Ligand SMILES: C[S@@+](CC[C@H](N)C(=O)[O-])C[C@H]1O[C@@H](n2cnc3c(N)ncnc32)[C@H](O)[C@@H]1O
Ligand SMILES: [Zn+2]
C-alpha cells in the first residue's frame, strides 16, 4: 500500500522562483542560518517500478519501494537546481524529503543541493553542469588553453 500523504511542512519565508543559468531556480530573499530547515519536497508517492518506466526530471526516490512524484507546481522545491558545491542538503525521514541549509545562506542566493550520481549522469552530464563550481572550472581550462596577452 502507498504511504498516506500528509500536508507539507511550512517552508522558510521569502523563497521565490527566478530564472537562472540552469532554467528556473529557487532563490531566498532572506538569509538562512546553517542547519535550518528550508522546505519540503513533496508530491504523491508512486512505486519505484512505476518510476522506472517514466523519463521524468521531478522524481525523487525515498527508499527501495517508493518515489515522490514532485512535478506539481505547488511543490516549489522542484525548482531547486543541482550544484557540485551546494549550499543545502537533503534529509529523508519517514519517506519525506526535507531540505536544510548546509551553511549560512545570504539573502538573494540561489538554493542548490547535490542531486546524486544517478540523476547527474542521466540528466545533467549529457548537457554539461551549469553550477558555479563547474563554470569556474571550465573558465580555468579555457585560460590555460588560451592565455590572455
Ligand atoms: C528538478 S528540475 C530543477 C528546476 C529546473 N531548472 C526548471 O526550470 O524547472 C531539474 C532540471 O533542471 C536542470 N538543472 C538543474 N540543475 C542543473 C545544473 N547544475 N546544470 C544544468 N542543468 C540543471 C536540468 O534540466 C534538470 O533535469
Ligand atoms: Zn557542477
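Points to keep in mind about this one:
- Of all residues in segment 90-136, those satisfying the criterion of being in contact (Cβ under 8 Å) with a residue 12 or more places away in the chain, more than 14 Å from ligand 1 (Cβ to nearest atom) and more than 13 Å from residue 32 (Cα to Cα) are 92, 95, 96, 98.
- Hey, residue 11 on the phi < 0 side of the Ramachandran plot and within 14 Å of ligand 1 (Cβ to nearest atom) or not: no
- Test: residue 41 is within 12 Å of ligand 1 (Cβ to nearest atom), under 16 Å from residue 22 (Cβ atoms) and in contact (Cβ under 8 Å) with a residue 24 or more places away in the chain: no
- Filter result for residue 57 (more than 17 Å from residue 109 (Cβ to Cβ) and in contact with a strand residue (DSSP E or B) (Cβ under 8 Å, 6 or more places away or on another chain)): no
- Given (1) surrounded by fewer than 12 Cβ atoms within 10 Å (Cβ to Cβ); (2) over 30 Å from residue 135 (Cβ atoms), number of the condition residue 33 does not satisfy: (2)
- Residues that are modelled with pLDDT of 95 or more and within 14 Å of the chain's Cα centre (by Cα) number at least 1 in the following strands (runs of 3 or more DSSP E) confined to segment 31-149: 37-41, 59-61, 66-69, 88-93, 96-101.
- Selection of segment 1-30 for residues being within 16 Å of ligand 2 (Cβ to nearest atom), closer than 20 Å to residue 106 by Cα and outside any loop (DSSP other than H, G, I, E, B) yields 20, 25.
- The one condition from (1) within 25 Å of residue 11 (Cβ to Cβ); (2) crowded, with 17+ Cβ neighbours inside 10 Å; (3) within 15 Å of ligand 1 (Cβ to nearest atom) that residue 74 does not meet is (2).
- Filtered by the rule that a residue be more than 16 Å from ligand 2 (Cβ to nearest atom) and surrounded by fewer than 19 Cβ atoms within 10 Å (Cβ to Cβ), segment 77-89 gives no residues.
The values are calculated or read from the model by the stated rules, or taken from the named source; none is laboratory data. What you see is a predicted model; the values in this text were computed from it and never measured. Neighbour counts are summed over all protein chains in view; Cβ atoms, including those assigned to glycine, are modelled from backbone coordinates with ideal geometry.
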